[in-house]
Amino acid sequence: MEAIFAFCVGLMTACGLFLTLRGRTFPVVVGITLLSYAVNLFLFSSGRLLINGATILGQSDQYADPLPQALVLTAIVIGFAMTAFVVILAIRARSDLGNDHVDGRNPPGAGLPSDRLKEKN
Amino acid sequence: MSLFWILLLPLLGTVVPLLTDRFGRTACAFATAALPAMALVLVLSHLPAVFDGQAVVATMPWIPLLGLELSVHLDGLALLFAILVLGIGLLIILYARYYLSDKDSMGLFYAYLILFMTAMLGIVVSHNLLQMWVFWEMTSVSSFLLISFWNHNSDARKGARMAMTVTGLGGLALLAGVIMIGNIVGSYDLTAVLNSGDLLREHAAYPVIVVLVLLGAFTKSAQFPFHFWLPYAMAAPTPVSAYLHSATMVKAGIFLMARFYPVLSGTELWFVIVSLTGLTTLLIGAYTALFKHDLKGLLAYSTVSHLGLITLLLGMGSDMAAVAAVFHIINHAIFKASLFMAAGIIDHETGTRDMRRLSGLWKYMPYTATLAMVAAASMAGVPLLNGFLSKEMFFAETLDQSSLGSLSWMIPVLATVGTAFSVAYSLRFIHDVFFGGEPEELPKQPHEPPRYMRLPIDILVALCLLVGIWPALLIGNLLAVAAGAVVGGDLPDYGLYIWHGFNLPLLMSALAMTGGAYVYFNREKLFTFQAQFPEANANLIFDKSVKWVMKHCARFIDWFENGSLQRYAFLLILLALVLLGLPLIDLNTTAGLRPQIPVDAVMLSGAALLALSSLATVIWHRKRLIALLMLSVVGLIVSLAFALFSAPDLALTQLSVEVVTIILLLLALFFLPQNTPKESSPRRVARDLTIAAIFGGIIGTINYAIITRPLDSISDFFLDNAKSGGGGTNVVNVILVDFRGFDTLGEITVLGIAALGIYKLIARMGLFKPTSDDDGRPWTEDKHPMMLSVISQGLLPLALLVSAYIFLRGHNLPGGGFIAGLVTSIAIIQQYIAHGVDWLKDRLKLDYQKVIGSGLLIATLTGLGSWAFGYPFLTSWYDYWTWPVIGEFEVASAIAFDLGVYLTVVGATMLILANLGQHTTTERARETEHQ
């Protein structure tokens, strides 16, 4: 089972990364979400896989490692907040810039990145 | 400890002028002077100890783990400089009181000045090299503020920027040098460094260190070829010039060379670099000074030249030369400060500093003229004045060195030539300004300055005379300890006499005097000669080079930071690949020894579904709705996986987050295009697929390697103590609200901040509200189907009940604040979906920002509550109560904390979704029309 688990984590990572490398905002968001599933599973599995283990005291002799679970629990919630932030950023970017590119293609008149330097002078 | 007050008093003093500014100029000046004066008294109180040769050091640990400490000391050199910095600083405060006009903000000026004074003091009394460097940079910053004090004046701004750039760059070089010294010696403690002279000199990196440290010193002390910034810094108010360019800022470089003299000098490299730089600077400064029509310009180049002289002395390598260098540091500070102040008075009382317009002022200000003449004579090296003594020592040393081998004879000759020019420009300063007929068309009718504006010059000129006549009596001891610190050992026998008999140095002096007089009275020829050369404008060159740098930086940024997330992500992944992949090569066996779980059909089909839906997400990623559906399948299987592998809390969390995430992304699809156009070239796709596959492979391998190895966990502690210490049997929840409660508090804070950030982003968003989807189909007319409305309304109380149940049992069974919060959010969102924002607005009056705020407040207060009982932050407390009907019930303070978590999660989720959601309704559009 461990091999299958690891394979799934690897596959999700690969899929997430591929989508993260796309040129529009939405696939990037989906990619990040997929990647965060993979990361959560990865972190969770550092407590090793255990079937029918107990997390509640007194239920069984064999306990699942609670520490990675606690860490991943908050990671899931914060991951949601961050995904939401990226999504809203994408929506905002579309309404401000008029496009949903993340590949560095600027709308006409937006100027080059170095224009920020010139403004300061 | 009292040593620290030497620094603390002036530091506190920086705020005094700002506070006392409103009580009038005199009061402000006195109040400002009070703390530095106390610091000076404190410094002087250590005089006997330093003269006795005791080590006066005070150390305070700062970050002991990193070996960082604050350390202050007073040795001979530090003492001398501290007296100069504070003594002349006090005179400058008095002088500036009369110099500044009503239009200038006196409080601000004094604040900058005292800040600078603190920084300069910090450099000289620091016993730790890094600490010294921090003060070194502080002088750059505060001198920038002082030079640009008249910031309405573009020259002042440019001059300040140039000074800042040059000295700042030098400061970076110095930092590199200091770090290298620290690495070699193994300590930044000055005593340790000063004791490691041989170690440093014999180290392979020695040449690099010398060059870096000298770069710092030369830029600060305006040594050739970095001397160009000093004349432009003359745009500062004159008190600033008198302070920064006589006794302090430019002397910091000299101080640095003197400080490191015992460890870095003594090699051919040091002698050649330092003496040649000093000599060149001496000559260029002295020659150029003669042609400056601006009084302060003349003095600026004269300063450059005298700094060159001191540098040359430090580069000669004999102990006596070091003594002469220290002596000249004192003398130059005294006469140059008084000359700058005199120039300021002339400027102040006549309205101009141009020597072509000034003349015959003797008649109008005889007193000031006398003072200026004495000081200028000291600068020229006239006998009976202090400048003469150190100049004689300088000449004697030039004769007694062999820095340049067989060419060493050139040094005394060139030194005499330089001094002749020094005599010439001193003569010009006196003769052009005070004599030579009636002045014409001065902007103001010249007259003597106020009595107390002259007082600082009185004092300094008196010192010129007194030191010139009784040198041994007045400063013999101070010079001896300071020079002793520079040499780092015993001093040779020397005598401070006015009269050494007829000797070669005296002849050189006489030659320089007559030569200088000859040059001055035949200056017309020289001026015509000099006029043939186009004047190099350092400012233009500087501007040009700054522009050049900016242009290339801009080009680099455009190339490197082109705004493409794809590229950044690609580079990041590539870097991670290298960092992750390389160590894996050393891992010989992937699989560990831990017994593995056998596979059954259910697991296998779950995994297959996960793999297929992941792939489907990628394959159909351009059809966004389908990709989203596939993504939700992945999320659901992930939560099933959590359930399978004994993590019920995680499964619940993942499930509810999944619902919220998908709703969020569906909402996002309303605002974003529903399809992604095909853009990537096949090559790009192949590249991305390759790198993603390799990366996925690596992550999978690492994961497999980890989970097949036996676990050595610290979790036994949590399992053992959850019940007895935290009062709960759900260990995951106890970890969240108790053991690692502080983490959780931080995490819900992040959650709240993210939600507020999103709120802000949405609030100012321009309206972008498509009326149809990408294919031109209008959004459905039936927004709130009847069935959904009715059922969801009935479900609401049930859902809330479930969330309350999950919340309450969380401490002992799977559940808790996070999950309950998410469930509540989903229940409310369902109402939004079923009824719309308008409907809910009238019925649910919840300000989600306040919900987040109260959640964080409750969580924090719970943590603080344990302080009231004398326990550390977030210690939890619990007890068991027997309630009627319900039975035994546990009351734990952790549940209050969990309530905070619950409220924050509800508030954050709803703030995000409800705000975004209301943009999709007609409500928003109507609002905008009214605006």
Residues B:Ala82, B:Ala119: which one is in a helix (DSSP H, G or I) and surrounded by 24 or more Cβ atoms within 10 Å (Cβ to Cβ)?
-> B:Ala119
Can you find a residue in segment B:819-829 that is away from every other protein chain (no Cβ under 13 Å) and under 22 Å from B:Val734 (Cα atoms)?
-> yes
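Could you pull out every one of the helices (runs of 4 or more DSSP H) wholly within segment B:582-680 that has 2 or more residues that are aromatic (Phe, Trp, Tyr)?
Numbers: elements: B:601-619, B:624-644, B:648-671.
Fully inside segment B:582-680 and qualifying: B:648-671.
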Identify, please: which residue in segment A:54-96 is more than 7 Å from chain B (Cβ to nearest Cβ) and within 23 Å of the chain's Cα centre (by Cα) and is, among those, farthest from B:Gly821 (Cα to Cα)?
-> A:Ala93
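Looking at B:Gln566, B:Gln530, which one is of a type in the set (S, T, N, Q), within 14 Å of chain A (Cβ to nearest Cβ), assigned to a helix (DSSP H, G or I) and within 46 Å of the chain's Cα centre (by Cα)?
Step by step, each of B:Gln566, B:Gln530 is checked, and only B:Gln566 is of a type in the set (S, T, N, Q), within 14 Å of chain A (Cβ to nearest Cβ), assigned to a helix (DSSP H, G or I) and within 46 Å of the chain's Cα centre (by Cα).
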The one condition in (1) within 7 Å of chain B (Cβ to nearest Cβ); (2) touching a helix residue (DSSP H, G or I) at 6+ places or on another chain (Cβ under 7 Å) that A:Leu50 fails to fulfil | (2)
Any idea which residue in segment B:347-365 is nearest to B:Ala377 (Cα to Cα), counting only those that are out of contact with any Pro (no Cβ under 8 Å at 6 or more places or on another chain) and in a helix (DSSP H, G or I)?
-> B:Trp362
Just name the residue that is nearest to B:Tyr878 (Cα to Cα) out of those in segment B:709-754 that are charged (D, E, K, R) and buried (at least 21 other Cβ atoms within 10 Å of the Cβ).
-> B:Asp738
Which of the following residues is under 19 Å from B:Leu655 (Cβ atoms), of a type in the set (Phe, Trp, Tyr), buried (at least 24 other Cβ atoms within 10 Å of the Cβ) and out of contact with any strand residue (DSSP E or B) (no Cβ under 6 Å at 6 or more places or on another chain): A:Phe18, A:Phe80?
-> A:Phe80
Among helices (runs of 4 or more DSSP H) entirely within segment B:692-767, at least 3 residues that are within 7 Å of chain A (Cβ to nearest Cβ) and in contact (Cβ under 8 Å) with a residue 40 or more places away in the chain occur in B:741-763
Being within 21 Å of B:Val413 (Cα to Cα) and surrounded by 11 or more Cβ atoms within 10 Å (Cβ to Cβ) is the filter here, so list the residues in segment B:485-509 that pass it.
-> B:His500, B:Asn503, B:Leu504, B:Pro505, B:Leu506, B:Leu507, B:Met508, B:Ser509
Pairs only if they're at least six apart or on different chains, beta carbon under 7 angstrom, first in segment B:788-816 and within 14 Å of chain A (Cβ to nearest Cβ) and within 28 Å of B:Val734 (Cα to Cα), second part of a helix (DSSP H, G or I) and among the small types (Gly, Ala, Ser); list them, first residue then second.
-> B:Ile806/B:Ala820; B:Gly810/B:Gly817; B:Gly810/B:Ala820; B:His811/B:Ala894
Being more than 7 Å from every other protein chain (Cβ to nearest Cβ) and touching a Lys or Arg at 6+ places or on another chain (Cβ under 9 Å) is the filter here, so list the residues in segment B:595-635 that pass it.
-> B:Arg622
Using the structure shown, decide if B:Ala576 is in contact with a Ser or Thr (Cβ under 6 Å, 6 or more places away or on another chain) and either more than 10 Å from chain A (Cβ to nearest Cβ) or not β-branched (Val, Ile, Thr) (or both).
-> no
Starting from segment B:165-190, take each residue that is of a type in the set (D, E, K, R) and list its partners that are modelled with pLDDT of 90 or more and assigned to a helix (DSSP H, G or I), counting only C-beta distances under 9 angstrom and pairs at least six apart or across chains.
-> B:Asp189/B:Leu129
Go through the residues of segment B:850-857 one by one and say whether even a single one is under 15 Å from B:Gly900 (Cα atoms), surrounded by fewer than 19 Cβ atoms within 10 Å (Cβ to Cβ) and of a type in the set (S, T, N, Q).
-> yes
Over segment B:90-106, the set of residues of a type in the set (D, E, K, R) and either assigned to a helix (DSSP H, G or I) or over 31 Å from the mean Cα position of the chain (by Cα) (or both) is B:Arg97, B:Asp102, B:Lys103
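Listed here are the residues, each with its yes/no results for (1) crowded, with 17+ Cβ neighbours inside 10 Å; (2) of a type in the set (A, V, I, L, M, F, W, C).
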{"site": "B:Thr191", "(1), (2)": "no, no"}
{"site": "B:Leu200", "(1), (2)": "yes, yes"}
{"site": "B:Ala205", "(1), (2)": "no, yes"}
{"site": "B:Ile209", "(1), (2)": "yes, yes"}
{"site": "B:Ala222", "(1), (2)": "yes, yes"}
{"site": "B:Phe226", "(1), (2)": "yes, yes"}
Subset of segment B:57-115 (residues that are farther than 27 Å from B:Asp458 by Cβ and among the polar types (S, T, N, Q)) | B:Thr59, B:Ser71, B:Ser105
If you go through segment B:617-625 one residue at a time, do you hit one that is within 19 Å of A:Thr13 (Cα to Cα) and in contact with a Cys (Cβ under 8 Å, 6 or more places away or on another chain)?
-> yes
Any residue at all in segment B:670-677 that is aliphatic (A, V, I, L, M), in contact with a Ser or Thr (Cβ under 7 Å, 6 or more places away or on another chain) and more than 9 Å from chain A (Cβ to nearest Cβ)?
-> no
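Listed here are the residues, each with its yes/no results for (1) farther than 22 Å from B:Leu636 by Cβ; (2) touching a residue at least 40 places away in the same chain (Cβ under 8 Å).
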residue: A:Leu35; (1), (2): no, no
residue: A:Ala38; (1), (2): no, no
residue: A:Leu57; (1), (2): yes, no
residue: A:Tyr63; (1), (2): yes, no
residue: A:Val72; (1), (2): no, no
residue: A:Gly98; (1), (2): yes, no
residue: A:Val102; (1), (2): yes, yes
Name the residues in segment A:89-104 that are outside any helix (DSSP H, G or I) and either touching a helix residue (DSSP H, G or I) at 6+ places or on another chain (Cβ under 7 Å) or of a type in the set (Gly, Ala, Ser) (or both), would you?
-> A:Gly98, A:Asp100, A:Val102, A:Asp103, A:Gly104
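Condition first: assigned to a helix (DSSP H, G or I) and surrounded by 24 or more Cβ atoms within 10 Å (Cβ to Cβ). Now tell me which residues in segment B:233-242 satisfy that. So that I can check it myself, show each step before the final result.
Just the residues of segment B:233-242 that are assigned to a helix (DSSP H, G or I), to begin with: B:233-235, B:238-242.
Result: B:Ala233, B:Met234, B:Thr238, B:Pro239, B:Val240, B:Ser241, B:Ala242.
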Identify the residue in segment B:302-320 that is surrounded by fewer than 24 Cβ atoms within 10 Å (Cβ to Cβ) and in a helix (DSSP H, G or I) and, among all such residues, is farthest from the chain's Cα centre (by Cα).
-> B:Met320
Mind checking which pairs have a first residue in segment B:118-143 that is of a type in the set (D, E, K, R) and a second that is part of a helix (DSSP H, G or I), Cβ under 6 Å, 6 or more apart or different chains?
-> B:Glu137/B:Gly171
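Which one of these is under 21 Å from B:Ala647 (Cα atoms), part of a helix (DSSP H, G or I) and of a type outside the set (Val, Ile, Thr): B:Ala799, B:Ala820? Give the steps one after another, and end with the answer.
Values: B:Ala799 fails: under 21 Å from B:Ala647 (Cα atoms).
Every option except B:Ala820 fails the conditions.
The values are calculated or read from the model by the stated rules, or taken from the named source; none is laboratory data. Owing to the predicted nature of the structure, the values given are computational and were not obtained by experimental measurement. Reconstructed Cβ throughout: ideal geometry from the backbone, glycine too, with neighbour counts over all protein chains shown.
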